[in-house]
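The values are calculated or read from the model by the stated rules, or taken from the named source; none is laboratory data. Worth saying up front: this structure is predicted, and the values here are computed from it rather than measured. Because the Cβ atoms are built from the backbone with ideal geometry, glycine has one as well, and the counts that use them run over all protein chains shown. The area values use the complete protein model at the heavy-atom level, side chains included, leaving out ligands, DNA and RNA. Shrake-Rupley method; radii C 1.70, N 1.55, O 1.52, S 1.80 Å.
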Amino acid sequence: MKYLVMVYGKQADYDAMNGQATPGHPAWSQADLRAMFAFMESLNNDLAESGELVEGQGLTEPKQAIVITGGPDGKPVVSDGPFGETKEVLAGYWVLDCASAERVTEIAKRVYECPAPEDSIVPDVVVRPIAEAPAEA
């Protein structure tokens with residue numbers, strides 16, 4: 001079965017990675033960034049080697065997003081950043097092909113253990129099975 005494993009973040013998380021600290025989001029040092037990237041590289045290499053990795057990407061900061069909402073007349077309105085206080089948004093994802101829910105849960109727990117500066121707010125890791133179209137549609 002295929003699963004989508006998602007990590008969420010806020011603009012404050014991206015700002016912290018660029019050295020701008022806020023409460024709950026301490027500034028990342030170069031060593032912190034190297035540790036995080038090394039962790040992700042190791043994880044991705046292991047998933048590729050096991051054949052479970054279908055795809056995975058990190059996403060740019062929320063202030064680079066384009067948001068489509070409905071206007072008062074019901075027509076789409078396009079907004080592009082920067083956005084103020086945003087809620088958590090998708091920061092990165094993996095599409096994995098795993099033999100079981102237990103296996104993808106093991107991987108998600110590993111993702112959750114990604115290194116970050118002390119006192120950082122650790123985002124949740126969300127796993128969702130990917131619905132497949134029925135064989136006979």
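When each of the peptides 63-76, 26-39 is scored by the mean number of other C-beta atoms lying within 10 Å of its residues, the order from highest to lowest reads 26-39, 63-76.
Between Glu113 and Met40, the distance separating the two model label sites (each 7 Å from Cα on the Cα→Cβ line) works out to 1.9 nm. Translational diffusion coefficient, Stokes-Einstein: compute it for the chain using the Kirkwood radius over C-alpha pairs as Rh, at 37 °C and 0.692 mPa s, and state it as an integer in µm² s⁻¹. In µm²/s, the coefficient is 195.
For the stretch 102-137, the residues whose backbone nitrogen is under 18 Å from a point 7 Å from the Cα of Ser29, taken along Cα to Cβ, are 115-121. Phi angles of the stretch 101-118 translate, via the Karplus equation with coefficients 6.51, -1.76, 1.60 and θ = phi - 60°, into HN-Hα couplings of 5, 5, 5, 5, 5, 4, 5, 4, 5, 5, 4, 4, 7, 4, x, 8, x, 4 Hz per residue; Gly and Pro are given as x.
Note the full-extension length gain between Thr22 and Ser50 as 0.36 nm times their separation in residues minus their Cα-Cα distance, in nm to one decimal. Separation in residues times 0.36 nm, less the Cα-Cα distance, equals 6.2 nm.
Distance from the C-alpha centroid of the stretch 106-135 to that of the stretch 1-62: 10 Å, rounded to the whole angstrom. Structure note, pairs Lys10/Lys75; Lys63/Lys87; Lys63/Lys109: Cα-Cα distances above 23 angstrom occur for Lys10/Lys75; Lys63/Lys109. Translational diffusion of the stretch 1-69 was estimated from the Stokes-Einstein equation, with Rh taken as the Kirkwood radius over Cα pairs; at 25 °C and 0.890 mPa s the coefficient is 173 µm²/s. Round to a whole number: what % of the accessible area of the chain belongs to carbon and sulfur, probe 1.4 Å? Carbon plus sulfur share of accessible area: 54 percent.
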